[in-house]
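Engineer: Have a look at this one.
Just so it is clear, none of the values below were taken in a lab; they were calculated from the coordinates. Everything quoted here is computed from the prediction, not taken from an experiment. Don't worry about glycine lacking a Cβ; one is built from the backbone with ideal geometry, like all the others, and counts go over all protein chains shown.
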């Protein structure tokens, strides 16, 4: 693979097309040097040129995205960078929950949610990515949400706060 997942686009911010940047901490410095990043759309990677990044507020502005409506279409999309654009680094995995990729998530109230497709490390927590009702969903993985893990059945039972899956 010649691209690396380095974060995702958070909520739209303001009226000029800015997005909250949720960067994988290991790649935060790379954003200062990147001119183009790629968002996962319709099964492929689409290039977006960076116009401005405000690191203090973690806000990202793309060229040609100039309204809140345009930015809203990019919310929660995974951000990738070309490997050739990233700084050389030693890969050290500090994921506590990384071994659970492929496990099925089940909420104690809702029932089966889907299989964990990816787990990424973000500041303060790890995030599980999975498909629920044909939409990619993200939930934090932590001891307060996980009720039990069945290694044999590859099943994780969680107790999600009400409304988390609507985000």
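Engineer: When the label point is put 7 Å from the Cα of residue 159 along its Cα-to-beta-carbon vector, which residues of region 105-140 have a backbone N closer than 12 Å?
Structural biologist: Zone members listed by number: 108-109.
Engineer: Assuming 0.36 nm per residue, please report the length gained on full extension of the stretch residue 150 to residue 41 beyond their Cα-Cα distance.
Structural biologist: Between residue 150 and residue 41, full extension yields an extra 35.9 nm.
Engineer: Another question about this same structure. Can you tell me the mean projection area, over all orientations, of the convex hull of region 57-161's alpha carbons? Units nm², please.
Structural biologist: Numbers: hull surface 37.6 nm².
Convex hull of Cα atoms, orientation-averaged projection: 9.4 nm².
Engineer: Sequence gap at least 6, Cα distance under 8 Å: using those rules, report the relative contact order of region 98-166 to the nearest whole percent.
Structural biologist: Relative CO of region 98-166 lands at 29 percent.
Engineer: While we're looking at this one, here's another question. Starting from the Cα of residue 122, step 7 Å along the direction of its Cβ; do the same at residue 72; then give the gap between the two resulting points in nm.
Structural biologist: Result: 2.1 nm between the two label points.
Engineer: 7 Å from Cα along Cα→Cβ at both residue 55 and residue 142: what's the point-to-point distance in nm?
Structural biologist: 2.6 nm
Engineer: Helix-derived [θ] at 222 nm for the chain: sum -39500 (n - 2.57) over DSSP H runs of at least 4, divide by residue count, nearest 500? Let's see the in-between values first.
Structural biologist: Numbers: 1 runs with 5 residues, N = 167.
Mean residue ellipticity, 222 nm, calculated: -500 deg cm²/dmol.
Engineer: Further, regarding this structure: Starting from the Kirkwood Rh over alpha-carbon pairs, what translational D in µm² s⁻¹ does region 3-85 have by Stokes-Einstein at 20 °C and 1.002 mPa s?
Structural biologist: The diffusion coefficient I find is 173 µm²/s.
Engineer: Turning to a different aspect of this structure: Measuring from a point 7 Å past the Cα of residue 28 along Cα-to-C-beta, which residues in region 117-156 have an amide N at less than 18 Å?
Structural biologist: What the label zone holds, given the 18 Å backbone N cut-off, is 120-127.
Engineer: Using only alpha carbon pairs under 8 Å that are at least six residues apart, calculate the relative contact order of the chain and give it in whole percent.
Structural biologist: 20 percent
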